[in-house]
Amino acid sequence: MAIIIKTAQEIGLIRESCRRLADVFQNLEQAVKPGMSTMEINILGDQMIRKHGCIPNFLHYNGYPASICVSVNEEVVHGIPRKKRILQEGDIVSLDAGLIYKGYHSDMARTFAIGKISKATQQLIDVTRQSFFEGIKKARAGNHLHDISNNIDAYIKPYGYGIVRDLVGHGIGTKLHEDPQIPNFAQMRRGPKLRPGMTLAIEPMVNMGRADVEWLEDDWTVVTEDGSWSAHYENTILVTDGEPEILTLYEAGAIQAASGE
Ligand code: MF3
Ligand code: CO
């Protein structure tokens, strides 16, 4: 296992890749409405990525047929967009997407509420998001990778939710998936040491019910085995000498309209 340390120049390109992806998400979030099909979301997202002069990295990845993974309710991740799958008030939808800018990948995911959702469902979304932030408190040079995993697990545990174990986060750079794998549940070993220049996609997936998942007939869509709803939250981050940098964050930051190179 080799974790690639990125050079300053590479970090600049990854940062720009992530900035453009965050802009896509910001616009997608505003566009997603009840009555929309999951295919419409995919088409919109694909267009936004290409407007930035970038390439959607999920499209054709191991044969995946779309640019945006759109997963509704009990679908955990890797939902395949469909014309006939219409979003309704009260649903939750997880969007997962990435792009390539000058050879460098970015990757992020968010779960959005469609109209008004129940308090319990909103809590699932909030806890999933917060678990990411608890995790990256440990994403500092000198700590070990699994300190992140352990923090995510420890934060979610009291809520009794199921933390998905079959899918994990990952390193990212000139490939969408690089070493290391980043589990979202407690680990026995400490894992590799974190060093400045590592770029990581950290992505807790959390189920309202049990942790078990299964794959649908399409061989892509991951659903909860018990039918409970699931949330996803992912950012690409950079390990530095100090605080980790969240490269795909847009909630707090002012992402300017892209130059469209
Ligand atoms: N976003 C996924 C990940 O974080 C990758 C999706 S691969 C695809 O690892 F083929 F489904 F697009
Ligand atoms: Co990912």
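The values are calculated or read from the model by the stated rules, or taken from the named source; none is laboratory data. Just so we're clear, the structure is a prediction, and the values are computed from it rather than from any experiment. Heads up, the Cβs are rebuilt from the backbone with ideal geometry, glycines too, and the neighbour counts pull from every protein chain shown. Ligands, DNA and RNA are excluded from the accessible area calculation, which covers all protein heavy atoms including side chains. Shrake-Rupley method; radii C 1.70, N 1.55, O 1.52, S 1.80 Å.
Electrostatic bookkeeping for Asn42 treats Lys and Arg as +1 and Asp and Glu as -1; over the other residues with beta carbon under 12 Å from its beta carbon, the sum is 0. The overall shape of region 133-236 is oblate: from the C-alpha gyration tensor, with semi-axes ordered a ≥ b ≥ c, the ratio a/c is 1.5 or greater and a/b is no larger than b/c. Take every pair of alpha-carbon atoms less than 8 Å apart whose residues are at least six positions apart; their mean separation over the length of the chain yields a relative contact order of 23 percent.
At 1.4 Å probe radius, can you tell me the per residue accessible area of the chain in Å²?
On a per-residue basis, the chain sits at 44 Å².
The Cβ shell under 12 Å around Ile3 holds other residues with a net charge of +1, Lys and Arg each +1, Asp and Glu each -1.
A simple count of charges around Ile100, restricted to other residues whose Cβ falls under 12 Å of its Cβ and scoring Lys, Arg +1 and Asp, Glu -1, yields +2. Per-residue packing, averaged as other Cβ atoms within 10 Å, sorts the ranges 168-175, 217-224 into the order 168-175, 217-224, beginning with the highest. Lysine pair count for the chain with Cα-Cα distance under 25 Å and sequence separation of 8 or more or different chains is 24.
Approximating the spin labels as points 7 Å out from Cα along Cα→Cβ, the Gln181-to-Gln26 distance works out to 3.6 nm. Extension gain for Arg210-Ser37 works out to 59.5 nm (0.36 nm per residue, less the C-alpha to C-alpha distance). Here the Karplus curve 6.51 cos²θ - 1.76 cosθ + 1.60, taken at θ = phi - 60°, turns the phi angles of region 24-40 into couplings of 4, 5, 4, 6, 5, 4, 6, 7, 6, 9, x, x, 7, 8, 5, 5, 4 Hz, with x standing for Gly and Pro.
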